[in-house]
Amino acid sequence: MDIKPINTPSEPGKPTVIAGPCAAEDEQQIMVVARRLAAMGIRIMRAGVWKPRTKPGSFEGRGDVALDWLVRAKAETGLAIATEVATPSHVEKCLKHGIDVMWIGARTTTNPFAMQALADSMRGTDITVMVKNPVSPDVDLWIGALERLNNAGITRMAAIHRGFQIFGDKTYRNAPMWNIPIELRRRIPQIPIIGDPSHIGGRRDMVEILSQEALDMGFDGLMIECHPAPEKALSDAAQQLTPDALDDMLGRLIVRDRCNKGEELTAMRHEIDQLDDQLISILTQRMAVSRKIGSYKKQENMTVLQSARYNDILERRLKQCEKELSPTFMRHIFENIHEESIRQQLQIINT
């Protein structure tokens, strides 16, 4: 994938910070936030102009008139401006007003037809485009959205990790599922990843913790919602910070080095590699025994699945490692081992 540096100003060696209200509500609000962000040294302001809402009747943004407010904020403060687009018409209006960055929301990312229409409308421009992850934890859908833009000639791109909707999850507004952006980076190492702690947590008291986690993961920046009076916000009131709270939080965040600083880390990584080799060897041996068991069950006309035995193994192994390892992690490991064991046995029985 052809990806160039994004046109988002930031100090060398520091993460990009994009901040501003969930929605542009009125001109005064935009100017208050813009002046405060500029004074803090933040160089990119975000604000929603068109707001996709779950139900009709909710606040859906001020629409086209808000673009004029953003243009004024840019002219007075020098801030780069970012806003969300969902239709080719939005793209056309943003380009006409000189918007610097467009982002594509999670609902739009989910729809390949909508993504292709947006990509076609941006063809021939050098605009910076950020793509939020789809609402479902599907890394291929996320990559597909980026590829559609890239195929249309958009090379200045970034991915925004805003979490995933998981039914029944009460901890987060959108579960972070860090393994998904990790896989995205593995497949597209050059793509900048921006963390969106506001939408992951859904509460302002979680923003700092999630921001630090994103930076610890090596993310390239943060997109944080900021409002002069969050309790009066017309959308996402619970997750927005005041400018003062944002300034204080940014001062506490730790930005870690990404480079290997010495031989000690290299030696520990070599140790990890050796242990991984041992894990693969042990798992290979375990599956060899599973195939022997499959042969025995075939000979004795037994079913492959023996639920009582599996439940016993799972219970014993979880107790065995409960002090050192997460039960959720170990359950996931043994469920996958059991699934592969069943697959290997079925291969024997069906031959």
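Miscellaneous remarks
- Residue match in the range 291-305 (condition: under 34 Å from the mean Cα position of the chain (by Cα) and at negative phi): no
- All positions within the range 154-173 that are touching a strand residue (DSSP E or B) at 6+ places or on another chain (Cβ under 6 Å) and open to solvent by 60 Å² or more (accessible area, probe 1.4 Å): I166
- Residue among I42, I3 that is over 19 Å from E225 (Cα atoms) and either assigned to a loop (DSSP other than H, G, I, E, B) or touching a residue at least 40 places away in the same chain (Cβ under 8 Å) (or both): I3
- Residue selected from the range 174-191 under the condition under 27 Å from D236 (Cα atoms) and either over 11 Å from the mean Cα position of the chain (by Cα) or not hydrophobic (A, V, I, L, M, F, W, C) (or both), by the criterion surrounded by the fewest Cβ atoms within 10 Å (Cβ to Cβ): N179
For every residue, the table says whether it meets (1) open to solvent by less than 50 Å² (accessible area, probe 1.4 Å); (2) under 19 Å from the mean Cα position of the chain (by Cα); (3) over 30 Å from L146 (Cβ atoms).
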residue	(1), (2), (3)
G195	yes, yes, no
V207	yes, yes, no
M223	yes, yes, no
S235	yes, no, no
Q240	yes, yes, no
A245	yes, no, yes
M287	yes, no, yes
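- Residues that are modelled with pLDDT under 95 and open to solvent by 50 Å² or more (accessible area, probe 1.4 Å), drawn from the range 59-90: E60
- Top-ranked residue in the range 91-110 [being in a helix (DSSP H, G or I) and not hydrophobic (A, V, I, L, M, F, W, C); ranked as most open to solvent (accessible area, probe 1.4 Å)]: K96
- Helices (runs of 4 or more DSSP H) wholly inside the range 259-351 containing at least 1 residues that are closer than 30 Å to F219 by Cα: 263-299, 327-349
- When restricted to residues that are in contact (Cβ under 8 Å) with a residue 24 or more places away in the chain and assigned to a helix (DSSP H, G or I), the range 192-217 contains 16.
- Within the range 126-140, being assigned to a loop (DSSP other than H, G, I, E, B) and open to solvent by 30 Å² or more (accessible area, probe 1.4 Å) holds for D126, V135, S136, P137, D138.
The values are calculated or read from the model by the stated rules, or taken from the named source; none is laboratory data. The structure displayed is predicted, hence computed values, not measured ones. Note that each Cβ is placed from the backbone with ideal geometry, even for glycine, and that neighbours are counted across all protein chains shown. Side chains are part of the model used for accessible areas, which takes the heavy atoms of the whole protein and leaves out ligands, DNA and RNA. Shrake-Rupley method; radii C 1.70, N 1.55, O 1.52, S 1.80 Å.
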